[in-house]
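One structure is given below, encoded as structure tokens.
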Amino acid sequence: MKCYKGAILTVNKTNQVCNYLVEDQGRIVFVGNELPIQYAHAPIIDLGNRALAPSFADTHQHFASFSTFYAGLNVMDAESNVQISEMIREFVKRSSEKTLIAFGASPYSVREKRLISREELDIVCPDREIMVVKYDGHACIVNTKLLTKLENKVKNLRGYHPETGEMNQEAFFQFSNYITSSLSLIKLVRNMQATVDYYASQGIGMIHTVSGVGFLMNLDITFEKIFAKALTNGFQVRVFPQPMDIKVAKKRALPRIGGCFESALDGCFGSHDAALNEAYSDGVGGTGILYYSDEKVTEFCKKANREGLQIEMHAIGDKAFDQATKALKAALDDFPRQNHRHGIIHDCLPTKEGIQICSEYGIHMPVQSAFINWKQEPDEYLESILGHDRLMKLNPIHTFLKNGIVVSFGSDAPCTSPDPIMWMDSAVNNSNQEEAISIQEALRMCTYNGYWVSFDENERGSLEEGKVADMVILSKNPYEVNTKEIGSLKVEKLILSGREYESCKENVIKAVIRGLISKSKY
């Protein structure tokens with residue numbers, strides 16, 4: 001038994017702040033302002049100027065992909081392609097891998113204002129295959145060594161650009177599939193273990209992972225499920241299979257389906273393939289790309305909804321958002337369900353009509369507040385391709401709240417970092433002040449709402465009696481700091497089931513065997 005004394009941010013229905021929280025055997029047994037006499041002898045942990053809050057949840061990311069990239073080279077902070085080249089040159093020296101992966105390249109955050117090229121990659125890495133993944137996770141640049149390896153498979157596909165080495169759309173998927181299928185499963189699990197430890201350092205106690213990209217027979221879905229069941233340190237993983245085939249979810253006994261890639265309805269702004277109702281302002285890309293017809297998306301939603309599955313789909317442009325909302329509406333009109341918790345991911349450029357559907361039908365939104373004031377895709381660039389009016393309509397989190405829509409935050413890792421402090425900072429300090437939200441609202445989106453999305457709110461997500469003691473100690477009370485100082489908050493400790501987080505690194509075979517027989521939730 002332990003008693004925490006100080007600022008207890010409960011994130012309950014009234015956002016109550018209490019003085020005491022008592023944990024016993026992994027559960028919260030008391031929260032309040034006056035400590036009952038039966039707990040008077042419990043060891044006290046005095047928080048001082050710090051605060052205790054619920055653990056964070058990341059409601060949209062690509063776990064297997066991020067684990068793979070996290071083990072590679074991160075070039076997001078590079079200021080030029082020259083710097084990226086030097087980083088790759090050093091990476092080649094210290095890595096023994098046959099195929100190298102770097103991620104985070106953006107033409108909008110480097111001095112050259114373009115992506116690094118195949119020619120530049122050949123200079124620093126001529127003898128080994130390398131793929132540099134673009135910041136949005138929907139494109140890559142490859143060197144000649146890797147291009148030659150897959151040329152026959154990709155040369156007739158959409159998005160094939162051998163002159164620069166940039167691969168988009170179907171061509172990108174082929175290169176992504178090649179990289180992921182070349183990984184040994186043991187290495188994949190080790191990467192996952194290291195990545196979960198990283199999440200924990202950010203105060204994250206649960207992730208929602210969208211899977212089913214490039215692995216033979218969707219082995220990443222199977223392995224993420226096994227990995228989730230094998231964990232014994234309290235960390236929670238909820239797996240969403242991405243293929244638009246409900247059999248993939250049903251045969252794995254998964255209660256949910258959807259995500260990006262196969263269940264993405266469009267692309268992204270950075271590649272001019274987010275689907276828009278009106279053409280891009282710079283004259284490039286027309287109105288973008290809808291990957292599927294309205295009929296196909298509606299048929300998928302109706303089938304999944306009738307099977308009792310929870311549905312999520314990627315939609316960035318307004319045309320894709322409209323397609324998603326209309327398809328989910330049609331599915332729920334066809335087979336009404338009160339507690340479906342269907343969601344639309346990203347929701348970057350929603351329409352008034354689509355927002356109204358989400359409000360009426362209880363469709364939630366796992367959004368990425370990290371896209372606000374994003375270095376990799378700055379407002380200047382977005383305004384140049386969308387125009388000022390559409391720029392001001394992007395990521396309208398406050399508007400979603402006004403319409404009674406449940407919003408949760410996620411990283412879309414590896415596109416942005418799994419960093420809840422940064423998510424809150426971006427949402428609270430939105431340069432478009434009309435869409436800025438309070439720190440209380442932002443903290444709820446990082447905590448309670450994230451657990452609500454996966455039907456876990458009765459066990460986790462707020463600090464209330466009877467719930468699992470999944471908590472995070474913050475360096476300061478975010479309710480009391482200046483708005484501009486939210487980004488200075490630090491995660492000091494993650495506590496899961498009442499215990500300080502323990503690394504999940506262990507023998508892979510032992511973990512897999514336990515995951516195969518475990519009955520844990522996933």
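Can you compute the modelled spin-label distance between GLN433 and LYS98, with each label point 7 Å from Cα toward Cβ, in nm?
So the label points at GLN433 and LYS98 sit 5.8 nm apart.
Using 0.36 nm per residue of separation minus the Cα-Cα distance, give me the extension gain between ASP122 and ASP282 in nm, one decimal.
Details: separation 160, 0.36 × 160 = 57.60 nm, distance 3.14 nm.
The span from ASP122 to ASP282 would gain 54.5 nm if fully extended.
Could you give the size of the charge dipole of the chain about its Cα centre, using +1 on the Cβ of each K and R and -1 on the Cβ of each D and E, expressed in debye and rounded to the nearest 20?
Numbers: 57 positive and 65 negative charges, 386 e Å.
Charge dipole of the chain: 1860 debye, to the nearest 20.
Check cross-link reach from LYS229 to the lysines: straight Cα distance under 29 Å, and skip same-chain residues fewer than eight apart.
LYS2, LYS187, LYS247, LYS250, LYS251, LYS303, LYS467, LYS493, LYS505, LYS510, LYS519, LYS521
For ASN482 and ASN74, what does the FRET efficiency come to when R0 = 30 Å and r is the distance between their Cβ atoms, rounded to the nearest 0.05?
On the way: r = 30 Å, r/R0 = 1.01.
It comes to 0.50.
Hey, quick one: spin label on MET1, modelled 7 Å out along Cα-Cβ, who in segment 27-42 has an amide N within reach, i.e. under 16 Å?
Flagged as within label range: 27-32, 34-42.
Please state, rounded to one decimal and in Å, the Kirkwood hydrodynamic radius that segment 246-457 gives when every pair of distinct Cα atoms enters the mean of 1/r.
Details: mean 1/r = 0.0579 Å⁻¹.
17.3 Å is the Kirkwood radius here.
I'd like the distance separating the alpha-carbon centroids of segment 252-314 and segment 11-26, in whole Å.
39 Å
Would you calculate the separation in nanometres between label points at ALA194 and TYR39, each defined as 7 Å from the Cα along the Cα-to-beta-carbon direction?
Each label point lies 7 Å from its Cα, and together they span 4.0 nm.
Would you mind calculating the relative contact order of segment 63-181 from Cα pairs under 8 angstrom and at least 6 residues apart, reporting the percent as a whole number?
On the way: 195 pairs, mean separation 24.4, N = 119.
It comes to 21 percent, rounded to a whole number.
On each of the three principal axes of the Cα atoms of segment 370-522, give max minus min coordinate, whole Å, ordered largest first.
Taking max minus min along each principal axis of the Cα atoms, segment 370-522 gives 54, 35, 30 Å.
Quick one: pull the percentage of alpha-carbon pairs in segment 1-69 with a separation above 14 Å. All intermediate terms of the calculation are to be shown ahead of the outcome.
On the way: 1500 of 2346 pairs.
Percent of Cα pairs beyond 14 Å in segment 1-69: 64.
Helix-only estimate, please: 222 nm mean residue ellipticity of the chain, summing -39500 (n - 2.57) across DSSP H runs of length 4 or more and dividing by its residues, to the nearest 500.
Numbers: 18 runs with 178 residues, N = 522.
Computed mean residue ellipticity for the chain: -10000 deg cm²/dmol.
In the neighborhood of GLU151, defined by Cβ-to-Cβ distances under 14 Å, what is the net charge if each Lys or Arg adds +1 and each Asp or Glu adds -1?
Values: positive: ARG118, LYS145, LYS149, LYS153, LYS155; negative: GLU129, GLU163.
Neighbourhood net charge equals +3.
Please report LYS93, LYS521, LYS393 as a ranked list, fewest other C-beta atoms within 10 angstrom at the top and most at the bottom. Can you show the working numbers first?
Values: LYS93 7, LYS521 14, LYS393 18.
Going from sparsest to densest Cβ surroundings: LYS93, LYS521, LYS393.
Expressed in nm², what is the orientationally averaged projection area of the convex hull enclosing the Cα positions of segment 257-336? Numbers along the way, then the final one.
Details: hull surface 19.4 nm².
With every direction weighted equally, the projected area is 4.9 nm².
Along segment 488-503, what does the Karplus equation 6.51 cos²θ - 1.76 cosθ + 1.60 (θ = phi - 60°) give for ³J(HN,Hα), rounded to whole Hz, x for Gly and Pro?
Using θ = phi - 60°, the values come out as 8, 4, 10, 8, 8, 6, 9, 10, 10, 6, x, 10, 4, 3, 10, 3 Hz.
Return the Rg/Rh value of segment 144-235, two decimal places, where both radii are evaluated on C-alpha atoms and Rh is the Kirkwood radius.
1.08
Kindly work out what percent of the DSSP beta bridges joining two residues of the chain are antiparallel, to the nearest 5.
Numbers: 30 of 66 bridges.
Rounded to the nearest five, the antiparallel share is 45 percent.
Cα axis of helix 144-154 to longest principal axis of the chain: angle in degrees, 0 to 90, nearest 10?
80 degrees
Just subtract the alpha-carbon distance of ARG252 and SER475 from 0.36 nm times their residue separation and send over the number in nm, one decimal.
Details: separation 223, 0.36 × 223 = 80.28 nm, distance 4.09 nm.
Length gained, ARG252 through SER475: 76.2 nm.
Just the ratio, please: alpha-carbon radius of gyration of segment 63-181 over 2.2 N^0.38 Å, N its number of residues.
Working: Rg = 12.8 Å, N = 119, 2.2 N^0.38 = 13.5 Å.
Cα-based Rg divided by the globular estimate yields 0.95.
Which distance in nm do the two modelled labels at ASN507 and GLN83 give, with both placed 7 Å along the Cα-to-Cβ direction?
4.5 nm
Averaging over all projection directions, find the projected area of the Cα convex hull of segment 270-316 and quote it in nm² with one decimal place.
3.8 nm²
For segment 244-293, report the translational diffusion coefficient in µm²/s to the nearest whole number, using Stokes-Einstein at 37 °C, 0.692 mPa s, and a Kirkwood Rh over Cα pairs.
Working: Rh = 12.5 Å.
Rounded to a whole number, D works out at 263 µm²/s.
Report the Stokes-Einstein translational diffusion coefficient (µm² s⁻¹, integer) for the chain, Rh taken as the Kirkwood radius over Cα pairs, at 10 °C with viscosity 1.306 mPa s.
Working: Rh = 23.6 Å.
Diffusion coefficient, whole number: 67 µm²/s.
Just so you know, all these numbers are worked out from the coordinates, no wet-lab data involved. The model shown is predicted, which means the values in this text are computed figures rather than measured ones. Here Cβ is always computed from backbone atoms with ideal geometry, including for glycine, and neighbour counts include all displayed protein chains.
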